[in-house]
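Peer 1: Got a structure for you, questions after.
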Amino acid sequence: QVQLVESGGGLVRPGGSLRLSCAASGSIFSIGAMGWYRQAPGKQRELVATITRSANTYYADSVKGRFTISRDNAKNTVYLQMNTLKPEDTAVYYCNTNYIGVDYWGQGTQVTVSS
């Protein structure tokens, strides 16, 4: 069983920055790839970024050059640094990992970009 707890969301003005964190806990030995997804009101959940244990990364085109995903394997924690935020980045952001064939999700953290 894996628990994922996100933090760091909030309200920010366009052009601002936020840093999200997601800590994994539970009876885990070694977490593999971790990722961030987001879901805006009335839209489907979409992939934002992923990172493997060896720090290979993937970004959705909409966030390339603005967001940076990173991780601390010793803490089983993944981060999402979000810069130059836009109103269209407004969404609930979810942390995800697949551990021994089971998908786990965090509870989500709200990010609102508005002036």
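The values are calculated or read from the model by the stated rules, or taken from the named source; none is laboratory data. Keep in mind the model is a prediction, meaning the values are calculated, not measured. Cβ coordinates were reconstructed from backbone atoms using ideal geometry, including for glycine residues, and neighbour counts include every protein chain displayed. Surface areas here come from the heavy atoms of the whole protein model, side chains and all, with no ligands, DNA or RNA. Shrake-Rupley method; radii C 1.70, N 1.55, O 1.52, S 1.80 Å.
Peer 1: Out of the residues in segment 1-19 meeting the condition of being within 16 Å of the chain's Cα centre (by Cα) and farther than 14 Å from W105 by Cβ, tell me which one is most open to solvent (accessible area, probe 1.4 Å).
Peer 2: R19
Peer 1: Then there's this: Among the candidates R66, R45, single out the residue that is open to solvent by less than 80 Å² (accessible area, probe 1.4 Å) and among the basic types (K, R). Steps first, please.
Peer 2: On the way: R45 fails: open to solvent by less than 80 Å² (accessible area, probe 1.4 Å).
Exactly one residue qualifies, and that residue is R66.
Peer 1: Can A23 be described as among the hydrophobic types (A, V, I, L, M, F, W, C) and farther than 18 Å from Q1 by Cα?
Peer 2: Numbers: among the hydrophobic types (A, V, I, L, M, F, W, C): yes; farther than 18 Å from Q1 by Cα: no.
Answer is no for this residue.
Peer 1: In the list T112, T84, which residue meets the criterion of being open to solvent by 70 Å² or more (accessible area, probe 1.4 Å), over 11 Å from the mean Cα position of the chain (by Cα) and β-branched (V, I, T)?
Peer 2: T84
Peer 1: What's the number of the only condition in (1) free of Cβ contacts under 8 Å to residues at least 40 places away in the same chain; (2) assigned to a strand (DSSP E or B); (3) exposed (fewer than 14 other Cβ atoms within 10 Å of the Cβ) that S54 fails to meet?
Peer 2: (2)
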